[in-house]
Amino acid sequence: MEDREISRAVIGRLPRYYRYLGELLDAGVERISSNDLSKKMHVTASQIRQDLNNFGGFGQQGYGYNVKYLYTEIGKILGLNRPHNMIIIGAGNLGQALANYASFEKNGFILKGLFDVNSRLEGVAIRGVPIRMMDELKDFVSQSDIEIAALTIPKSKAIEVAEMLIENGIRAIWNFAHTDLNLPEDIIVENVHLSDSLMRLSYTISRYQEDHGK
Ligand code: NAI
């Protein structure tokens, strides 16, 4: 595959293709036309063709897409063809909720450890993974080949903890704390803000109400 820059917008749509194709695969569907995929996903067929052409197409005129092949190839593009070891920093409400969600593992995100500063949480296990104290983090990370750290701690602590994680070799941060981390360029940060999604929902509700005179 040609190695070139793919737009963030396209990359942003790939997880959704991956999810739908995974469902088709589970349902035993072997191939699908871009029109049928379009109907299922509520995305135009030309958008699908354009998106997938970025990666060499994968489709064949008159045949459609081979679901398993497309699923596998998109998985490779998303880096899901190998496992990613992960730790969670902050084992409070959100940290524990993430740790309880088993489906991340289905996509290769393996939860190796949970860390906190609250001694009352020490040793409590979430789906078999014990909560450890932060002073164990350094040794743990150096021994466990950890790639990703999820940050689910108060925002006032996020920057100092992120810097400490980097010092200990973490290169990718899944940041839930509502603050910009401004880390060196070679550190990969994915910010998640559920409230942004809620605000988009609120916007759509407001527009709907305006359009329908409510
Ligand atoms: P919580 O208070 O239940 O959990 C926070 C945990 O972090 C506590 O167990 C605390 O002991 C631990 N902690 C504090 N300082 C620490 C440190 N220096 N090192 C390690 N652990 C430390 O809070 P909750 O509800 O789980 O939220 C956690 C964070 O996630 C907050 O910053 C919150 O604003 C954010 N959040 C973000 C969302 C998003 O969509 N991005 C959604 C919900 C919460």
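Considering only residues that are free of Cβ contacts under 8 Å to residues at least 24 places away in the same chain and buried (at least 16 other Cβ atoms within 10 Å of the Cβ), which ones fall in segment 117-132?
Hit for segment 117-132 is ARG132, nothing else.
Considering each of VAL161, VAL129 in turn, give the residue that is more than 21 Å from HIS178 (Cβ to Cβ), out of contact with any Pro (no Cβ under 8 Å at 6 or more places or on another chain) and within 16 Å of the ligand (Cβ to nearest atom).
Testing whether each residue is more than 21 Å from HIS178 (Cβ to Cβ), out of contact with any Pro (no Cβ under 8 Å at 6 or more places or on another chain) and within 16 Å of the ligand (Cβ to nearest atom) leaves just VAL129.
Restricting attention to segment 1-53, which residues are assigned to a loop (DSSP other than H, G, I, E, B), of a type in the set (D, E, K, R) and within 15 Å of GLY64 (Cα to Cα)?
GLU30, the sole residue that qualifies.
Looking at SER103, SER142, which is the one that is more than 11 Å from the ligand (Cβ to nearest atom), more than 28 Å from ILE11 (Cβ to Cβ), at pLDDT below 95 and among the hydroxyl-bearing types (Ser, Thr, Tyr)?
Exactly one residue qualifies, and that residue is SER142.
Looking at LEU80, LEU98, LEU114, can you tell me which residue is within 11 Å of the ligand (Cβ to nearest atom), buried (at least 16 other Cβ atoms within 10 Å of the Cβ) and within 13 Å of the chain's Cα centre (by Cα)?
Of LEU80, LEU98, LEU114, the one residue that is within 11 Å of the ligand (Cβ to nearest atom), buried (at least 16 other Cβ atoms within 10 Å of the Cβ) and within 13 Å of the chain's Cα centre (by Cα) is LEU98.
From the list SER197, SER206, exactly one residue is within 16 Å of the ligand (Cβ to nearest atom), assigned to a helix (DSSP H, G or I) and over 17 Å from ASN85 (Cα atoms). Which is it?
Exactly one residue qualifies, and that residue is SER197.
Pull up segment 183-192, narrow it to residues that are of a type outside the set (Asp, Glu) and part of a loop (DSSP other than H, G, I, E, B), then point me to the one that is nearest to ILE89 (Cα to Cα).
Checked segment 183-192; the qualifying residue nearest to ILE89 (Cα to Cα) is VAL192.
Name the single residue that is surrounded by the fewest Cβ atoms within 10 Å (Cβ to Cβ) among those in segment 150-182 being over 14 Å from LEU94 (Cα atoms) and among the small types (Gly, Ala, Ser).
Among them, the one singled out is SER156.
The values are calculated or read from the model by the stated rules, or taken from the named source; none is laboratory data. Bear in mind that the values here come from a model prediction, so they are computed numbers and not experimental data. Positions of Cβ are backbone-derived with ideal geometry, glycine not excepted, and every protein chain shown enters the neighbour counts.
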